[in-house]
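The values are calculated or read from the model by the stated rules, or taken from the named source; none is laboratory data. Here the structure is a predicted model, which is why all the values come from computation and not from measurement. Virtual Cβ from ideal backbone geometry, glycine too; neighbours counted across all protein chains shown. For accessibility, only protein heavy atoms count, side chains too; no ligands or nucleic acids. Shrake-Rupley method; radii C 1.70, N 1.55, O 1.52, S 1.80 Å.
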Amino acid sequence: MPKGNQRSWEKRLQKGPDRNMLDFVQSLDIDWQLYPYDITGSIAHARMLANKGLIPKAAFNAIRKGLLQIERQIRSGRFTFDKTLEDIHMAIEAALVRRIGRAGLMLHTARSRNDQVATDIRLWMKDRIHQVQQQIVNLQKGLVKLASGYIDQVMPAYTHLQRAQPVSIAAYILSHVEPLERDHIRMGNCMAMVDCSPLGCGAVAGSTLPIDCQMTAKELGFAHLCRNSIDAVADRDFAAEFIFDCAMIGLHLSRLATDWIIFSSTEFGFIRIDDAFCTSSSMMPQKRNPDALELVRAKAASLYGALVAILSVLRSLPSGYNRDLQEDKVHIFSAAQTTEACLDMTAQVVAATRFQPDRIAAGLDDGFLDATALAEYLVGKGIPFRRAHGIVGSLVADCDRQRLRLRDLPLGRLRRYCRKIDKDVYKVLGAANVARSYRSFGAAGTKQAAQMVAYWTKVLQAR
Ligand code: ARG
């Protein structure tokens, strides 16, 4: 007779699990990180069971004490994880039974690993969302601080990576604060999805025992209860949403990274990143490479990968819990870790970067950044915009051939293109003049930048 299965939760099986199979299905490698949440969840569950008379008070006290000891043990690295126990839930429960005996056998009353793991991940994610939001605010503050030093300084804004219109350097820097604000809001919206307690939903159908799901939800700080147990054990929408939000953060950081990689090149010379955040070359002794930003940009790719992976894990799963869901943690953990690392690194690079307004100014009047403002000047003189656009287009083409700037042309020459041009035209010619002339809400001029630096300083101070 083969020896029977010793694992208490698998008496149904005639033999112990195949070793390779066990190694393949175990998730302890990854989900051990959930231990603080697993323990908090178990303590809340046990307290509720005692409160409802489903386990003795003394059993709850022993469970609580035992779990807290196990938590300390894990935290201090003195806990041995036995992978044959499959996951963090079983590892902790087994350790508890070893420690306190019979009372430990009562903990899993009216509970399944299915609602347990869903609870753990949600608790974990609530912490991660707070953390990511804090890091977003920290980066925003760094950008606003940087921007505040360059309100009246001017740089070109680009479309198609071609010189477009002159803007306040501060407005450019603040253009990275706005997407981060949307990321902050998105993470907050994700929280609304995460903040639901599935504890008590059991394996798939809840329990016939008179448990109190409100009580555990309240103790664990959940705002709501999951209303349908079948859905609650299968729902990972929040996980996909979290990773999407991380992917958007990655996208936004990659935009800043690419800008600044270009801006730090000798060709541009718009910014200087401190030596502490540059690397050199093993061969070329002169090099100062922006590797940190290059990696921020590249790591966004892993976030997209995690997003595709979680959506693919979830696609076509049947209702209820399926073991496929165990793979969710691989992707949410890596997404959180990558996002936090990239936000942190970007904030440090921002703090270590200075713009070089003098170098930017030196080339500012190349590329006809004032052409659009000149066309708008003509509109002010009663010329239909489409016609004004054509006039300035011809002017620019002529200047370009003769290597002249618009503001170099004497009034008489300008008037050959349009008689309505007056000597007040020189107030809107030249990049610096244009940057001071913007009037529309949200424009990237110096006036608006001053207001927006004040706005963001106030908004972020309150966080
Ligand atoms: N380790 C599993 C997970 O992370 C826990 C749930 C397993 N449940 C089960 N019935 N096999 O999803």
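Quick notes on this one:
- H252 satisfies every condition listed in (1) part of a loop (DSSP other than H, G, I, E, B); (2) in contact with an Asp or Glu (Cβ under 7 Å, 6 or more places away or on another chain) except (1).
- Contact map, region 320-334: first residue closer than 16 Å to D120 by Cβ and free of Cβ contacts under 8 Å to residues at least 40 places away in the same chain, second residue more than 10 Å from the ligand (Cβ to nearest atom) and assigned to a helix (DSSP H, G or I), Cβ cut-off under 7 Å, separation 6 or more or different chains; pairs are E327/V313.
- Test: D370 is closer than 28 Å to S148 by Cα and either within 16 Å of the ligand (Cβ to nearest atom) or of a type outside the set (S, T, Y) (or both): yes
- Of all residues in region 81-102, those satisfying the criterion of being of a type outside the set (K, R) and free of Cβ contacts under 8 Å to residues at least 12 places away in the same chain are V97, G101.
- Of residues in region 402-427 being part of a loop (DSSP other than H, G, I, E, B) and either open to solvent by less than 30 Å² (accessible area, probe 1.4 Å) or of a type in the set (S, T, N, Q) (or both), the one farthest from K381 (Cα to Cα): Q402
- The residues of region 290-302 that are of a type outside the set (S, T, Y) and either in contact with a helix residue (DSSP H, G or I) (Cβ under 6 Å, 6 or more places away or on another chain) or crowded, with 19+ Cβ neighbours inside 10 Å (or both), listed by number, are P290, A292, L293, V296, R297, K299, A300.
- Flag if V350 is away from the ligand (no atom under 16 Å from the Cβ), of a type in the set (A, V, I, L, M, F, W, C) and within 30 Å of V434 (Cβ to Cβ): yes
- Scan of region 262-307 for residues that are out of contact with any Lys or Arg (no Cβ under 8 Å at 6 or more places or on another chain), over 30 Å from D237 (Cβ atoms) and assigned to a helix (DSSP H, G or I), ordered by number: I262, F263, A276, F277, D291, A292, L293, E294, L295
- Scope region 365-401; condition outside any helix (DSSP H, G or I), modelled with pLDDT of 95 or more and closer than 15 Å to N433 by Cβ; matching residues: F368, L369, D370
- Filtered by the rule that a residue be in a helix (DSSP H, G or I), within 16 Å of the ligand (Cβ to nearest atom) and acidic (D, E), region 64-103 gives a lone residue, E93.
- Residue check, R122 within 16 Å of the ligand (Cβ to nearest atom), of a type outside the set (S, T, Y), at pLDDT 95 or above and open to solvent by 10 Å² or more (accessible area, probe 1.4 Å): no
- Scanning region 25-56 for residues that are among the aromatic types (F, W, Y) and crowded, with 19+ Cβ neighbours inside 10 Å returns Y35, Y37.
- Residues that are open to solvent by 40 Å² or more (accessible area, probe 1.4 Å) and either in contact (Cβ under 8 Å) with a residue 40 or more places away in the chain or among the acidic types (D, E) (or both), drawn from region 164-188: Q165, S175, E178, R182, R186
- Looking across region 428-463, the residues that are free of Cβ contacts under 8 Å to residues at least 24 places away in the same chain and part of a helix (DSSP H, G or I) come down to R436, K447, Q451, A454, Y455, K458, V459, Q461.
- Filtering region 303-342 to residues that are surrounded by fewer than 20 Cβ atoms within 10 Å (Cβ to Cβ) and away from the ligand (no atom under 16 Å from the Cβ) leaves Y304, G305, V308, L311, S312, R315, S316, Q337, E340, A341.
- Number of the exception - N114 against (1) crowded, with 21+ Cβ neighbours inside 10 Å; (2) touching a residue at least 60 places away in the same chain (Cβ under 8 Å); (3) away from the ligand (no atom under 16 Å from the Cβ): (3)
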